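A quick write-up on the structure given underneath.
The values are calculated or read from the model by the stated rules, or taken from the named source; none is laboratory data. This structure is a prediction, so every number in the text was calculated from the model and none was measured. Because the Cβ atoms are built from the backbone with ideal geometry, glycine has one as well, and the counts that use them run over all protein chains shown. Only protein heavy atoms, including side chains, enter the accessible area calculation; ligands, DNA and RNA are left aside. Shrake-Rupley method; radii C 1.70, N 1.55, O 1.52, S 1.80 Å.
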Amino acid sequence: MGGHGRDKKVGKTSSARQRRQGRRDRAAEAGAAADGHGGEDAADDLADEYSIFGGSSAGSALDDEGELSLDEASPSDRLSRLDDALSLAHGLTSEKRGARREAGYRTIFRAVTQHAAGTEGREALSGNWEGLWEACRSSVSGTRGARPEEQYAACRVLEACSVVFGGDADEVALRYNGPLKRAVAATGRAPNVRAAALRCLSTCHFVCGTGCLEDGEDASSVMDLCEEVAGGRYRGEDVAPSLRAAALDCWSLLATTLNDLEVSGDGTGRGMALLPLLAGCLDQPDAGLRRSAGEALALIHECRLGLGLTDDEGANATDRRYGRGTWEGCDPPEMEGVFDSAAQRVSELSVEGTRSMSRAARKRQRSDFRDFAATVVDDEPPDEEVSFQGGRVRLSSWREIVQLGSVRHCLQGGFQIQLMTNETLREIFSATFEASGASLSQLEKRLFMSKTSEASKAADRAMARNRRARDNVKNHFLTTDGEEI
């Protein structure tokens, strides 16, 4: 009798646990259904600052281990973690809870960007690609009650995978076209989801495309979509400023694959027809939209200047200003006035800032538009150097700046690892590598690359001297002939 009672009690406990789990599952499914049957008509908006690392309702249940950097992890460790994460993709198609699927995508994104390094990582991703593609396609399409957070995470995973696959992969671009274009066209979706789908599509065509796809499936069709979305009204609905800004960023990225004539040529340049739209965006209240428009304008003007340059001319600003690559006599002629007014607005934004903006936002706007004005107003090319552990990238054109910004946004914390191991990215950016961690021992890393190395100490001393010199110059008015007033 006693044993029978214990068995009966265990059975009741198990049944109660199953009922509680069933209620949680039904509540999750009901909540997803209330959001618009998988997101097609979902009105839920993600916050503008929402990111793939923003956390999820499931926490980090699928990813409770720390990440390894390229220096800390051996190739076998990276491949092991990558395989473990990719194995989750096969269970995502049958997982009923959206929060668990979202957490799974976050784990896969970290693994793909940080552990899919080199040829071995690309081969491991290819071996699990079919299962991962089916899971992401289902989430992007909004089936199984996919919430906006899950759709966004699936788009980011697909975007990162396209970078890992590298160039000469038209088959990947063909796969992406249908589901992602439908996601962008779904006006009921959250703006951030549509922006993530558009960024994924443009990054895929930029990295994987070869320019040999048919009309309607190529990068030109994606640029057409970007122009329609950036216009402010799309399919009878107003477009959110964040989505318009993303559309301009994607247009700029794909425009870097065209020559100067295709961007800014008279009568044929795609950028020429975009000038009135960019001039209008510069007057919009959204700071992100203004910045995207300013960057696109700088890229178009740079291409226009390039039309008048040859190998032996254009060495200074005078040659650029009065050479053939100017807006004087452009076709159509009204574009000259449109560009002049846009350039004037860029110059104004480089020094102004409203009181409604925070101090950091005003500082960033002035810094960004000073760079744009240097090209748009003064015809000077940008000159930046991006340093990272083990190397550096020299940027001397807006083409390179736009490309680097898009890839960094895609890969997030995995950018440096991919740049050091991805042949396609190294070819695009012509990265210059110094003593990289892959060729140094642990002792050499501490001697040459750590914060306590002689090189780091010398850099600190130089910064301290420069800081003292700047302070002395600012405080010079306090003294006269070396004596205090």
Checking a compactness column here: for region 173-256, what do you get for Rg(Cα) / (2.2 N^0.38 Å), N being the number of residues?
0.99
To the nearest Å², the heavy-atom accessible area per residue of region 92-235 with 1.4 Å probe amounts to 32
Can you work out the Karplus-derived ³J(HN,Hα) for every residue in region 178-183? Use 6.51 cos²θ - 1.76 cosθ + 1.60 with θ = phi - 60°, whole Hz, and x for glycine or proline.
x, x, 6, 5, 5, 5
Accessible area (Å², per residue) of region 248-313, counting only protein heavy atoms and a probe of 1.4 Å
34
How big is the dipole moment of region 79-213 about its Cα centre under a simple scheme where the beta carbon of each Lys and Arg is +1, that of each Asp and Glu is -1, and everything else is neutral? Debye, nearest 20, please.
740
Using the Cα centre of region 341-434 as origin and beta-carbon charges of +1 (Lys, Arg) and -1 (Asp, Glu), tell me which of 356, 414, 367 is placed farthest towards the positive end of the dipole.
356
Once amide H atoms are placed 1.01 Å from N in the peptide plane, what residues at a sequence separation of 5 or more from residue 391, or on another chain, have their amide H within under 5 Å of its amide H?
434
Run the quick spin-label model on residue 360 and residue 214: label points 7 Å from Cα toward the beta carbon, then report their separation in nm to one decimal.
5.0
Once phi for every residue in region 464-470 is put through the Karplus expression 6.51 cos²θ - 1.76 cosθ + 1.60 (θ = phi - 60°), the whole-Hz ³J(HN,Hα) values, with Gly and Pro written as x, are 5, 5, 5, 5, 5, 5, 5
Report, by chain and number, residues whose modeled amide H sits under 5 Å from the one on residue 234, excluding near sequence neighbours (fewer than 5 apart, same chain).
239
Checking region 352-381 for trypsin sites (Lys or Arg not before Pro) in a loop per DSSP with at most 10 other beta-carbon atoms within 10 Å yields 355
Within region 148-169, the residues whose backbone N lies under 12 Å from a label point placed 7 Å from the Cα of residue 423 along the Cα-to-Cβ direction are 166-168
Using θ = phi - 60° and Karplus 6.51 cos²θ - 1.76 cosθ + 1.60, couplings along region 141-151 (whole Hz; Gly, Pro as x):
6, x, 7, 6, x, 5, 7, x, 4, 5, 4
Computed label-point distance, nm, for sites residue 174 and residue 344 using a 7 Å Cα→Cβ extension:
5.1
Using only the Cα atoms of region 94-157, what semi-axes does the equivalent ellipsoid have when each is the square root of 5 times a gyration tensor eigenvalue? Give whole Å, largest first.
22, 12, 9
I'd like the carbon and sulfur percentage of the solvent accessible area for region 134-291, probe radius 1.4 Å, heavy atoms only, ligands and nucleic acids excluded.
47
Dipole magnitude of region 75-136 about its Cα centre (Cβ charges: Lys, Arg +1; Asp, Glu -1), debye to nearest 20:
340
Take peptides 158-167, 185-194, 457-466 and line them up by average Cβ neighbours within 10 Å, highest first, as a rough protection proxy.
158-167, 185-194, 457-466
If each part is reduced to its alpha-carbon centroid, region 93-166 and region 169-223 end up apart, in Å, by 16
At 0.36 nm per residue, minus the direct Cα-Cα distance, what do residue 96 and residue 77 gain on full extension? Give it in nm, one decimal, please.
3.8 nm
